[in-house]
Amino acid sequence: MTTEIELKYLLPENSEDNNTVTDDITAMLEEQNVSFKMDHHQLGNDYFDTENLALRNMDFGLRIRTKNQQYEQTIKTAGKVVGCLHQRPEYNIDIKTKELNLSLFPYNIWPENTDIETLENDLQVIFSTDFLRKTWLIHQGENVIELALDKGEIFTKSTEPMELINELEIELVSGNEKALFDLAEQLNGVVTMTPGKLSKAARGYTLYNNQKNSS
């Protein structure tokens, strides 16, 4: 188990691409002689729940992520959001196929009397995300931070309306939490961004509920 600690910021929706943002961030880090390594990946994520949203009612989030034709099963348990700072315990497990297996997670994360086998049988994909993630793995003294620029979409069905993703995430890999806020302050000087209080999963649930209520 790890605890995800990150700041989330939204970029303007009318931005046609993130090339300028990428160049501006890279230039800022180079000017400050910050050590970093860049990378990029296309990430597909399927989020699961039951028809009556049993996981959502537990404040859990469950997904399977596809990256480079490899799969990772993740569950995030109840956490907290203060401003744009998100903190949630999460469990990540590599899996060989795109099939859920809840028994791979620690049994003690589930509320008392949860029937895991029945729960698993009732789960279905309720929304998905697909986005390009550009990352800067930053080393600043004892602090290691992953800065991620995500652009893509959240959707339930290809024929339904979708939510756009265009955001920055500043995640603490190791070190002092204050380093996240210091980096955010620096980014504010080169990027137009506003605090994001909702995770991609929370936005996906909102989209799902709106479409379900309108049908």
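Could I have the simple spin-label model distance between residue 117 and residue 214, label points 7 Å from Cα toward Cβ, reported in nm to one decimal?
About 4.1 nm separates the two model spin labels.
Can you quote the Å³ per residue value for the convex hull of the Cα atoms in segment 53-153, rounded to an integer? It would help to have the intermediate numbers written out before the result.
Working: hull volume 15.8 nm³, N = 101.
Hull volume normalised by residue count: 156 Å³.
Just to confirm, what accessible area per residue do you get for segment 1-103 at 1.4 Å probe, in whole Å²? Don't jump to the answer; show the numbers that get you there.
Working: 5780 Å² over 103 residues.
Solvent-accessible surface per residue comes out at 56 Å².
Considering only C-alpha atoms, what is the centroid distance from segment 32-64 to segment 107-122, in Å?
With segment 32-64 and segment 107-122 each reduced to a Cα centre, they are spaced 21 Å.
So what is the 222 nm mean residue ellipticity for the chain from helices alone, if each DSSP H run of at least 4 adds -39500 (n - 2.57) and you divide by all residues, rounding to the nearest 500 deg cm²/dmol?
-6500 deg cm²/dmol
With r as the distance between the Cβ atoms of residue 160 and residue 54 and R0 = 30 Å, compute the FRET efficiency 1/(1 + (r/R0)^6) and round to 0.05.
In this case the efficiency is close to 0.85.
Hey, got a sec? Which GluC sites (Glu not before Pro) in segment 1-93 land in a DSSP loop and have at most 15 other Cβ atoms within 10 Å?
Taking segment 1-93 and a limit of 15 other Cβ atoms within 10 Å, the loop GluC sites (Glu not before Pro) found are 13, 16, 51.
Considering all projection directions equally, how large on average is the shadow of the alpha-carbon convex hull of segment 1-128, in square nanometres?
Orientation-averaged projected area of the Cα hull: 10.5 nm².
Quick one: plug the Kirkwood hydrodynamic radius of segment 95-144 (C-alpha pairs) into Stokes-Einstein at 10 °C, 1.306 mPa s, and report D in µm²/s. Intermediate results must be reported in sequence, preceding the final value.
Working: Rh = 15.1 Å.
This corresponds to a translational diffusion coefficient of 105 µm²/s.
Compare the peptides 179-189, 139-149 by average per-residue count of other Cβ atoms within 10 angstrom and give them in order, highest first.
139-149, 179-189
Once neighbouring chains are kept in place and the probe is 1.4 Å, which whole percent of the accessible area of the chain is contributed by carbon and sulfur?
Summing carbon and sulfur atoms, their accessible area is 46 percent of the total for the chain.
Measure nothing but the geometry: give the 0 to 90° angle between the long axis through the Cα atoms of 178-187 and the longest principal axis through the Cα atoms of the chain, rounded to 10°.
Roughly 60 degrees between the two axes.
Testing the spin-label approximation: label points 7 Å from Cα along Cα→Cβ at residue 66 and residue 26. State their distance in nm.
The two pseudo-label positions are separated by 2.8 nm.
On full extension of the chain, what length is gained from residue 37 through residue 185, given 0.36 nm per residue of separation minus the C-alpha to C-alpha distance? Please report the intermediate quantities before stating the final value.
Working: separation 148, 0.36 × 148 = 53.28 nm, distance 2.05 nm.
51.2 nm is the gain from fully extending residue 37 to residue 185.
Volume per residue, Å³, of the convex hull around the alpha-carbon atoms of segment 102-188?
Given the Cα convex hull of segment 102-188, per-residue volume reads 166 Å³.
In terms of the Cα gyration tensor, with a ≥ b ≥ c the square roots of its eigenvalues, is segment 63-110 rounded because a/c is under 1.5, prolate because a/b exceeds b/c, or oblate?
Values: a/c = 3.81, a/b = 1.52, b/c = 2.51.
It comes out oblate by the Cα gyration axes.
The values are calculated or read from the model by the stated rules, or taken from the named source; none is laboratory data. Just so we're clear, the structure is a prediction, and the values are computed from it rather than from any experiment. Here Cβ is always computed from backbone atoms with ideal geometry, including for glycine, and neighbour counts include all displayed protein chains. Please note that ligands, DNA and RNA were not included when accessible areas were found on the heavy atoms of the full protein model with its side chains. Shrake-Rupley method; radii C 1.70, N 1.55, O 1.52, S 1.80 Å.
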